[in-house]
2 protein chains.
Amino acid sequence: MREALAEAAFELFLERGFERTTVDDIVARAGVGRRSFFRYFPSKEDAVFPDHEGCLVEMTAYLEANAGSPDPVGTVCDAAGIVMRMYAAKPDFSVQRYRLTREVPGLRTYELSVVRRYERTLANHLRDHGPETADGSLRAEVIASAVVAAHNNALRSWLRAGGEGNAEAAADHALSLVRDVWGTAGGAGAAAVGVLPGRLPEGDGEVVIMVARKGTPVWRVVRGIESALGASPVAGGA
Amino acid sequence: MREALAEAAFELFLERGFERTTVDDIVARAGVGRRSFFRYFPSKEDAVFPDHEGCLVEMTAYLEANAGSPDPVGTVCDAAGIVMRMYAAKPDFSVQRYRLTREVPGLRTYELSVVRRYERTLANHLRDHGPETADGSLRAEVIASAVVAAHNNALRSWLRAGGEGNAEAAADHALSLVRDVWGTAGGAGAAAVGVLPGRLPEGDGEVVIMVARKGTPVWRVVRGIESALGASPVAGGA
């Protein structure tokens, strides 16, 4: 019933446009009563994105099942991949919906609020399972938004290309940018960072020499370098 | 006139609630005609956020004036600070509006679309003025969203604290997280990264030893380490 309603709604949105389609049109096409529609979808907008609720449930379950992972950033990247798989499972529908969404401002703002829910879900996981620091919630929100931005960049490229190509590989590639910078694969606990100021034989710039165990997260390297150099962060904005 | 309308609107929203206030109520309170309202504000929502348009203009001008900076990430962080200054200039108004926005779903989605515009403005700058790489747009979007998330984390903390404390210092602190990881102060052009695999005397983990000029951006260090180690990224999610 839910799927039949979503299908009828989407057919009509493509035929007549989103604004010109009423809930009455949708239930007539699906052959059900008006109340059935609202039992499944709070609004017409929700019928355009019938899979996000289920995807959020799946994402939340995945995050809970991996709450003990030593690499929470890797976990949220993998969780973002669930969203890409949902889109990739129905390429034609995803591409048509993308085009529809570009044309209807109300659907774009609806989509923004869905994206925000994913982002908050990922940020909460990072805050609860990331390293305990004074800036825990800041770090969690920054990383979650970077994960969502990377995922959406890959998703948008795939949708613009008409759903051609390997969506999941594109998402993995985009997310690797976030994993590389923020990830803690190898275990943050094993990290050891040593920093020595020095001077390269050729060239005229000062150098830093850093020794770190493989698997040391980059943010920890950055912090180690900063504290070694005092007021001269290696890549700061000073 | 514009300011008088925004003030009348906001008084009424606080007195009667956003939903129960009509445009007719607002123009009656301001003592002007109905058409005047729509000359200044496309919708009732816009009257709640009268300063964002001007702030976007100011941000765009700032970005253009700093298009030649060797540190585009620092430039977009500074540009995000313009938004915080706008909020901090009217602490009482900002705090009251924050509370109103929490209660009205329509204002929250409006706010999401404003945030998205700032994010896109910053991403466009980074894409056009950041290092030219195959992943230029991906990198630009990831960094822009990280900047916005850091800014909003500081802004929200300040608003929840009733507008107490130094908003701009809080924004600077939050944004330093992004500058440290993504910033290119010191000039990417001067970067030289060398990586040697090795083994620490004590401990059982493999190590990497990295030599880089001061000022080398962290992403360049990460890339250097990755390419030196092939399939074993120093902080990847493999």
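The values are calculated or read from the model by the stated rules, or taken from the named source; none is laboratory data. Computed from a predicted model, the values in this text were never measured in an experiment. Methodologically, a virtual Cβ is constructed for each residue, glycine included, from the backbone with ideal geometry; neighbour enumeration extends over all protein chains shown.
General remarks:
- Scanning the stretch B:135-176 for residues that are among the acidic types (Asp, Glu), surrounded by fewer than 19 Cβ atoms within 10 Å (Cβ to Cβ) and touching a Leu at 6+ places or on another chain (Cβ under 9 Å) yields a single hit, B:135.
- Restricting attention to the stretch A:56-96, the residues that are aromatic (Phe, Trp, Tyr) and either in contact with a Ser or Thr (Cβ under 6 Å, 6 or more places away or on another chain) or not assigned by TED's automatic domain parsing to the domain that holds residue A:120 (or both) total 1.
- Number of the exception - residue A:157 against (1) touching a Pro at 6+ places or on another chain (Cβ under 6 Å); (2) at pLDDT 60 or above; (3) more than 19 Å from residue B:180 (Cα to Cα): (1)
- Residues that are farther than 17 Å from residue A:82 by Cβ and of a type in the set (Lys, Arg) within the stretch A:117-167 comprise A:127, A:139, A:156, A:160, listed in sequence order.
- Any chance residue A:122 is under 20 Å from residue B:112 (Cα atoms), aliphatic (A, V, I, L, M), within 14 Å of another protein chain (Cβ to nearest Cβ) and in a helix (DSSP H, G or I): yes
- Any hit, the stretch B:49-62, residues being among the aromatic types (Phe, Trp, Tyr) and surrounded by 19 or more Cβ atoms within 10 Å (Cβ to Cβ): no
- Filter result (outside any helix (DSSP H, G or I) and either away from chain A (no Cβ under 14 Å) or within 17 Å of the chain's Cα centre (by Cα) (or both)) within the stretch B:79-119: B:90
- Residue check for residue A:110: on the phi < 0 side of the Ramachandran plot, at pLDDT 95 or above and not β-branched (Val, Ile, Thr): no
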